[in-house]
Structures are given as C-alpha cells and as structure tokens.
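What follows is a single structure, written as structure tokens, with notes after it.
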Amino acid sequence: MSIGVTHLLVASALVFGTGVYGVLARRSLFGVLLALQLMLAGADVALVAFARFGDAVRQPLDGTAFAFLAMLAGAAEVTVAVALVLLAYRRHRTVQVDELDELAG
Amino acid sequence: MWLAPAPAAGGESVSVNGPLFYLGATAAVAGAVLVVTLKDLRTAVMAFAGFGLALGLLLLVVGADLVAGLAVLVFTGVVPAVVLAGMVLTTDPPGPGEDDARARRPVLSAVLRRWPLALGVAAGVSALLIGVAAASRGDWVTGPYPSELLDRGTTATLGHVLFNSYALPFAGAGVLLLAAAVGATVVARRDRIERDMDRAERERAERAERVRRRREDRIRAREGRRPGDSGMAAAIPGDEDGG
C-alpha cells in the first residue's frame, strides 16, 4: 500500500490527540508545556503533508514554509512559557496547575 | 522549472519509503505517548527528545529535509534544554509521584483532570481529525509532486520561497524570536518587590541570629559568675522574654 496524504494526516492526528491528552492529564506546568509542543508538532506534520501531497503543482512548498515558521514560533513560545513558569513558581512556590488557583495574589 | 511536475512522477505517492514512514510514524507516536504518560518528568523530557528524532525521520521520509532538520533542532535541542533549565531553576521539580493525589486539589480540577476524561477527549479529537482526513481522501491531491524537489531536496527551493514569497513572515518570525527572548528576560527577572521581600527576610534571619548569639553570651556570662550574685542578671534586660 502506497503512502498518501491520509497516512500522514493519521499520524498527525495521533500526535495531536496525544498532546491534547497531555494538556488535560498532566499536572506539572512543564508537562503541559511539553504536551503543547506535541500538539504543535502534530500540526507541523499536517502542514508538511498538505505541502507534499496537496497542492503540489502550483504551490509545492507553501505548507513547508508555513511549518518552518510555525516551528520558529514554537521555539519562541517555549522560551516565554518557561519564563512564565519560573515567574509563577517564584510567586506561588509551585508548578502544579492544581495549586495555581488564584487569578491574583 | 522546479514548479513543473514531472511527467512520469506517477501520482502523489511516489518516492515515499513505506517501511521508513511506518518506522518514523510509530516511533513518533510512541514517543509522544511516553511524553504524556511517564511519571518522572525528567524521563519525559528525554522521551520528548526521542520524539523529536522520530519526527525528523518522519519529515525526512516525506521529503521535507530542511523542516526535518529544524524539527530535530527544536524538538530535540531547544525544547528539552529550556524545559530542563526551567526544572533546575524550580527547586521543587515535579519528579516521581507528581500525579499523586494532593490534599489541596480543587474539586473542579479534580473532576476535569481525571485521566479517563482526558483520554476520552483526546480520542475524540483524534477520531474527528482522522475522520475528516478519511472522508476527504483524495480531494486535496491536485497533482504529482515536482520530481526536482524529490531529487535535489527542498532546501534551496524553500530558501527561495522564504526570501521571496514569504520574506515578510520570515522577518516577522525573526522579530518574534527577538521579542520572545527580551520578553522572557523581563518576565523572569526578579522585580523590586521580590528583592525587597528577600532583603527583609534576610534581615529578619540575621536579627534572629544576633538575638540568639546575645542570649547565649548572657547565659555563658551568668554561668561564669558566682551563685547568689544577682547584680549581673539585673543588668541584662530582656533575657526572660526570649528576645
């Protein structure tokens, strides 16, 4: 069986769904951050799949360029998110999301 | 012209190595599952690095060589390094037993964060995405992939596209990275209030230490005098109240 766009989209959906599970089930902010990166990686796989198998004649690399820029944005997101986690830890002395239940204070 | 499709390209499935694709996809999904299920977060970060390698293999098999390299750099290098640095800077890093029941867990969170519900939501999202992909099968495929991209790789062409068609988004991504670096520095910096609180706490500890030493000196001085001499005790005020 030849590999097509559906195969890549299934892999993308599985990685994205795993990330969703991690966001909901993890209690550490760092674990939630890793799960968010999994969701971003799943979206990147889908973008590359559409670039490879989708409109490959007229715009063969638009999706790839989009995935490239999305990965850069993801790197920036990680940097800011870890800084926010450090700030939350400094204020509340915890990185467990269950214990961060105050909007101010 | 690189945009022209190859006459004998043979459709959308040409040149994708099946076994390597399944290897990369299986390893990526397995790595993702490990990332979200391992109790020890440090091990989960290592699993995330492995996931980055598998993702790079998956993207490389599909033909996106530059994005595959970037994925390895970001998901195996940047993200684990930054997350591990953050875990080191928090003195209470969640390790083994991070998912243990905690006494202060709010009721709503305890309900929302039960893993069966999370698993159900994740399975639903995955099933929805897979269903859409299966229902629209073939609609997105408009023609064969340009053979030159398969032969020479996508790096040169992607560079051409990024610096021509997407020059502004590329510059915007650079500005975003700079803003993120500056913003992270500002957010993570200790502000004046925290410095004042730390200084007050340090001064309080030093004051308590001085009181303790003074009290010990008084006790030693009292023990060194003759019994029945109350003049020294009267000359030391504040001894009985504990400082």
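Bear in mind these aren't lab numbers, they're just calculated from the coordinates by the rules spelled out. Source: prediction; values computed, not measured. Glycine also receives a Cβ, built like all others from the backbone with ideal geometry; neighbour counts cover every protein chain displayed.
Under the convention that each Lys and Arg Cβ holds +1 and each Asp and Glu Cβ holds -1, the size of the dipole of chain A around its Cα centre is about 180 debye.
Based on the Cβ-Cβ distance from B:VAL175 to A:ALA88, what FRET efficiency comes out when R0 is 35 Å, to the nearest 0.05? Could you put the intermediate results ahead of the total?
On the way: r = 26 Å, r/R0 = 0.75.
The calculated FRET efficiency here is 0.85.
Once the Cα atoms are used to define both axes, helix A:29-53 deviates from the longest principal axis of chain A by about 10 degrees.
If the chain between B:THR26 and B:ALA134 were fully stretched, how many nm would it gain, using 0.36 nm times the residue separation less the Cα-Cα distance?
Values: separation 108, 0.36 × 108 = 38.88 nm, distance 1.92 nm.
Roughly 37.0 nm would be gained on extension.
Take the Cβ atoms of B:ASP198 and A:ASP101, set R0 to 35 Å, and the FRET efficiency comes out at 0.90.
Net charge within 13 Å of B:ARG204 by Cβ-Cβ distance, Lys/Arg positive one each and Asp/Glu negative one each, not counting B:ARG204 itself?
On the way: positive: B:ARG199, B:ARG202, B:ARG207, B:ARG210, B:ARG212; negative: B:ASP196, B:ASP198, B:GLU201, B:GLU203, B:GLU206, B:GLU209.
Neighbour charge sum, excluding B:ARG204 itself: -1.
In chain A the longest region clear of trypsin sites (Lys or Arg not before Pro) that are loop-assigned by DSSP and have at most 15 other C-beta atoms within 10 Å covers A:1-57. Label positions at B:THR185 and B:ALA81, each projected 7 Å from the Cα along the C-beta direction, are separated by 1.7 nm. Compute the normalised compactness of chain A: alpha-carbon radius of gyration over 2.2 N^0.38 Å, N being the residue count. Normalised by 2.2 N^0.38 Å, the Cα Rg of chain A equals 1.35. Between B:THR43 and B:ILE219, the simple label model (points 7 Å from Cα in the Cβ direction) yields a spacing of 4.8 nm.
Please compute the average number of Cβ atoms from other chains found within 10 Å of each residue's Cβ in peptide B:18-30. Before the final figure, lay out each step's value.
On the way: counts 4, 0, 1, 4, 3, 0, 1, 9, 2, 0, 9, 7, 1.
What the average comes to for B:18-30 is 3.
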